[in-house]
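Asker: Pasting a structure here, questions to come.
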Amino acid sequence: MQASGLHFDRGAAYGEPKRLPVLEDDPINPITPYGISKHTVEHYLFTYRFLYGLDYVVLRYGNVYGPRQSSHGEAGVVAIFCEQMLAGIQPVIYGDGTKTRDYIFIEDVVRANLAALDRGDGEIFNIASGLETTDQQVFDVIRDRLGKSDLRAQYVARRPGEIEKIYLDIRKAERVLGWTPQIALNEGARRTVSYFQQAASKVTAQR
């Protein structure tokens, strides 16, 4: 096992990108405390490698989603939409639905983590789909999977510090780790929606 430490980041560390897709060596300019906290750990890892020889790999995730995701986390929009739609609550989209993110299914992330245990020592990798997906597209695919075609989102003002558009260049992970994402958004949404439907059914049955 090559890496004695894995650090899991998110695209939030990049801030508003100057170009798309974002490469690992593009400028790091986080515009939220959350993004700052993620990037700070990378500096500590570099320092500990220099001082003590620490082996590490940094994985900068896109927006991870999948079954069992908490709707209370920083990046749980898929889980939030699933739970709200199943409960008959009108989901909120911050902005007009055109903000973009890079969504990656949890199984693909797990495979990237395993690959990084043996390869990529001391390096940084973007782990994402490499695709730009709008808030509206995420809303639509979940709504369609749930069969709620009449449901409409509620659009409210964007929150301060939210990035307008971002998706990540994943060619380095493909080249060095031998990793590529396998689960497209439609399939990942199907699996995720199925999980939340089953969870909601269990709660209803217990009442």
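The values are calculated or read from the model by the stated rules, or taken from the named source; none is laboratory data. On a predicted model such as this, the values are computed, not experimentally measured, just so you know. Heads up, the Cβs are rebuilt from the backbone with ideal geometry, glycines too, and the neighbour counts pull from every protein chain shown.
Asker: List the pairs whose first member sits in the stretch 71-93 and is surrounded by fewer than 17 Cβ atoms within 10 Å (Cβ to Cβ), whose second member is among the hydroxyl-bearing types (Ser, Thr, Tyr) and modelled with pLDDT of 95 or more, and whose Cβ atoms are under 9 Å apart, counting only residues at least 6 apart or on separate chains?
Answerer: Taking only residues 6 or more apart or on different chains, the pairs are 92/155.
Asker: Give the stretch 123-164 a look and list any residue that's free of Cβ contacts under 8 Å to residues at least 24 places away in the same chain and hydroxyl-bearing (Ser, Thr, Tyr), or say none. Explain how you work it out, then say what you get.
Answerer: Start the filter on the stretch 123-164 by keeping residues that are free of Cβ contacts under 8 Å to residues at least 24 places away in the same chain, which leaves 140, 144, 147, 149-150, 160.
The answer is 149, and nothing else.
Asker: Across the stretch 18-42, what is the total count of residues that are assigned to a helix (DSSP H, G or I) and among the charged types (D, E, K, R)? I'd like the intermediate steps shown before the answer.
Answerer: We begin by selecting, within the stretch 18-42, every residue assigned to a helix (DSSP H, G or I); these are 33-42.
Checking which are among the charged types (D, E, K, R) leaves us with 38, 42.
Matching residues across the stretch 18-42 total 2.
Asker: Determine whether residue 164 is assigned to a helix (DSSP H, G or I) and over 25 Å from residue 67 (Cβ atoms). Write out each step before concluding.
Answerer: On the way: assigned to a helix (DSSP H, G or I): no; over 25 Å from residue 67 (Cβ atoms): yes.
So residue 164 fails the test.
Asker: Here is a list: 103, 65, 56, 34. Which entry is surrounded by fewer than 18 Cβ atoms within 10 Å (Cβ to Cβ), hydroxyl-bearing (Ser, Thr, Tyr) and either farther than 16 Å from residue 170 by Cα or in contact (Cβ under 8 Å) with a residue 12 or more places away in the chain (or both)? Break it down stepwise before answering.
Answerer: On the way: 103 fails: surrounded by fewer than 18 Cβ atoms within 10 Å (Cβ to Cβ); 65 fails: surrounded by fewer than 18 Cβ atoms within 10 Å (Cβ to Cβ); 56 fails: surrounded by fewer than 18 Cβ atoms within 10 Å (Cβ to Cβ).
That would be 34, the only listed residue that is surrounded by fewer than 18 Cβ atoms within 10 Å (Cβ to Cβ), hydroxyl-bearing (Ser, Thr, Tyr) and either farther than 16 Å from residue 170 by Cα or in contact (Cβ under 8 Å) with a residue 12 or more places away in the chain (or both).
Asker: Within the group 42, 24, which residue is modelled with pLDDT of 85 or more, farther than 16 Å from residue 169 by Cβ, of a type in the set (Asp, Glu) and over 14 Å from the mean Cα position of the chain (by Cα)?
Answerer: Details: 24 fails: farther than 16 Å from residue 169 by Cβ.
On inspection, the qualifying residue turns out to be 42.
Asker: Please determine whether any residue of the stretch 178-185 is at pLDDT 95 or above and either assigned to a helix (DSSP H, G or I) or among the basic types (Lys, Arg) (or both). Please lay out each step first, then the result.
Answerer: Our first condition is that a residue be at pLDDT 95 or above; within the stretch 178-185, this holds for 178-185.
Restricting the remaining residues to those that are either assigned to a helix (DSSP H, G or I) or among the basic types (Lys, Arg) (or both) gives 185.
Checking the stretch 178-185: at least one residue is at pLDDT 95 or above and either assigned to a helix (DSSP H, G or I) or among the basic types (Lys, Arg) (or both).
Asker: Where in the stretch 48-151 are there strands (runs of 3 or more DSSP E), lying fully within it, with 1 or more residues that are under 19 Å from residue 188 (Cα atoms) and at pLDDT 95 or above? Break it down stepwise before answering.
Answerer: Numbers: elements: 57-61, 63-65, 92-94, 103-105, 124-127.
Once the strands (runs of 3 or more DSSP E) in the stretch 48-151 are filtered for at least 1 residues that are under 19 Å from residue 188 (Cα atoms) and at pLDDT 95 or above, what remains is 63-65, 103-105, 124-127.
Asker: Which condition number in (1) among the charged types (D, E, K, R); (2) within 22 Å of residue 18 (Cβ to Cβ); (3) surrounded by fewer than 15 Cβ atoms within 10 Å (Cβ to Cβ) is the one that residue 132 fails?
Answerer: (3)
Asker: Sticking with this structure for a sec: Look through the stretch 142-164, keep the residues that are surrounded by 15 or more Cβ atoms within 10 Å (Cβ to Cβ) and within 18 Å of residue 95 (Cα to Cα), and return whichever of them is farthest from the chain's Cα centre (by Cα).
Answerer: For the stretch 142-164, the residue satisfying everything is 151.
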